[in-house]
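Written below as structure tokens is the structure these notes are about.
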């Protein structure tokens with residue numbers, strides 16, 4: 001058969017073979033390294049332990065700030081990091097709000113501004129939240145404050161990780 | 001699609017002659033294993049370069065996790081090898097490649113020696129090659145310390161003792177390499193800097209010179 005009758009010329013066929021094999025070898029080299037680099041973005045965060053923060057008796061209807069330490073495992077470095085929560089009782093229910101503003105991550109304070117009683121106030125951009133943590137329309141935050149997982153054991157309050165609502 | 005992108009760029013920048021000049025060169029019959037199988041000995045230089053590319057790539061990725069600090073170096077190596085997905089592969093590539101590059105380089109040197117390729121007019125390329133040999137040994141020496149385990153530490157202690165045994169300048173050389181009297185924090189940062197910046201920089205410069213010279217002079221003739 002003549003060369004012209006082939007749809008793929010010999011030269012093209014050989015160059016496809018070379019590109020295929022070369023590409024396969026290059027992929028074999030590169031892909032473990034790329035997965036290695038992507039690892040932090042692909043691995044899900046681990047479960048967090050519950051930490052004792054306060055006792056039931058200390059809680060009131062008014063949000064109070066409680067500071068506590070959590071053990072944070074950051075790759076090869078494990079350390080105790082300070083955390084805080086605004087905790088109050090609502091009948092039988094216990095609500096523990098994260099103090100991290102959902103706008104840009106500053107720290108909110110209960111009644112942090114004289115003009116806004118009964119609200120959480122963020123000093124950075126005047127973000128405000130209701131007592132239950134819901135953001136007030138017209139202020140910068142776009143979603144409610146995160147709530148901690150709460151557990152009560154033997155009259156003590158334990159907090160887990162803050163969850164997005 | 002790719003062809004169109006290429007044509008678009010080529011029309012404006014005329015890139016074809018650039019890569020043609022790099023890609024098109026004569027491969028004489030006596031160095032082509034398809035003609036004489038024994039010509040595979042001419043592959044060792046290219047293989048050395050191939051392994052060097054792997055070393056550079058895997059090394060770049062390893063620095064995403066490694067820290068050159070006496071407290072955390074070992075922990076970070078342990079973490080990247082055992083906790084990060086494919087960490088054992090990437091570190092393994094760098095670990096085994098380090099030995100392989102020395103082996104390939106040695107075989108390449110033997111081939112050049114026994115084919116007499118170092119003779120006039122290629123003496124300068126031999127000199128550059130020997131300089132690269134020393135740079136590679138330096139990379140091996142400095143890289144060996146970085147995991148900061150017992151083997152790494154005491155290998156470096158011995159290596160620096162050897163440096164100290166040099167007459168007159170020995171003490172100075174050791175202090176310079178170790179970054180002081182103690183083989184510790186400053187030694188590790190120093191070796192890291194030398195391993196990832198200084199020596200690779202020197203290596204790339206020498207490699208460029210090596211390749212430009214071989215293209216200019218061509219491969220030496222048959223035996």
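Key figures
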| item | result |
| --- | --- |
| Tally, over region B:65-91, of residues that are over 19 Å from the mean Cα position of the chain (by Cα), in contact (Cβ under 8 Å) with a residue 12 or more places away in the chain and within 7 Å of another protein chain (Cβ to nearest Cβ) | 3 |
| Which numbered condition residue B:44 misses (of (1) more than 13 Å from every other protein chain (Cβ to nearest Cβ); (2) free of Cβ contacts under 8 Å to residues at least 24 places away in the same chain; (3) surrounded by 18 or more Cβ atoms within 10 Å (Cβ to Cβ)) | (2) |
| Residue count for region A:138-162, restricted to those that are assigned to a loop (DSSP other than H, G, I, E, B) and modelled with pLDDT under 90 | 2 |
| Residues (over 26 Å from the mean Cα position of the chain (by Cα) and outside any helix (DSSP H, G or I)) located in region B:12-31 | B:14, B:15, B:26, B:28 |
| Single residue of B:194, B:183, B:212 found to be within 21 Å of residue B:54 (Cβ to Cβ) and either surrounded by fewer than 18 Cβ atoms within 10 Å (Cβ to Cβ) or in contact (Cβ under 8 Å) with a residue 24 or more places away in the chain (or both) | B:194 |
| Residue match in region A:64-75 (condition: within 14 Å of chain B (Cβ to nearest Cβ), in contact with a helix residue (DSSP H, G or I) (Cβ under 8 Å, 6 or more places away or on another chain) and either under 30 Å from residue B:84 (Cβ atoms) or not in a strand (DSSP E or B) (or both)) | yes |
| Any hit, region B:160-180, residues being in contact (Cβ under 8 Å) with a residue 40 or more places away in the chain and either surrounded by 19 or more Cβ atoms within 10 Å (Cβ to Cβ) or not in a loop (DSSP other than H, G, I, E, B) (or both) | no |
| Residue list for region B:19-41, filter: free of Cβ contacts under 8 Å to residues at least 12 places away in the same chain and surrounded by fewer than 11 Cβ atoms within 10 Å (Cβ to Cβ) | B:19, B:20, B:21, B:22, B:23, B:24, B:34, B:37, B:38 |
| Evaluation of residue A:112 against (1) at pLDDT below 90; (2) surrounded by fewer than 14 Cβ atoms within 10 Å (Cβ to Cβ) (one fails), failing number | (2) |
| Criterion violated by residue B:35 - all others in (1) away from chain A (no Cβ under 14 Å); (2) over 20 Å from residue B:208 (Cβ atoms); (3) touching a helix residue (DSSP H, G or I) at 6+ places or on another chain (Cβ under 7 Å); (4) not in a loop (DSSP other than H, G, I, E, B) satisfied | (4) |
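The values are calculated or read from the model by the stated rules, or taken from the named source; none is laboratory data. All of these numbers come straight from a predicted model, not from anything done at the bench. In this analysis, Cβ positions are derived from the backbone assuming ideal geometry, glycine residues included, and neighbour counts consider all displayed protein chains.
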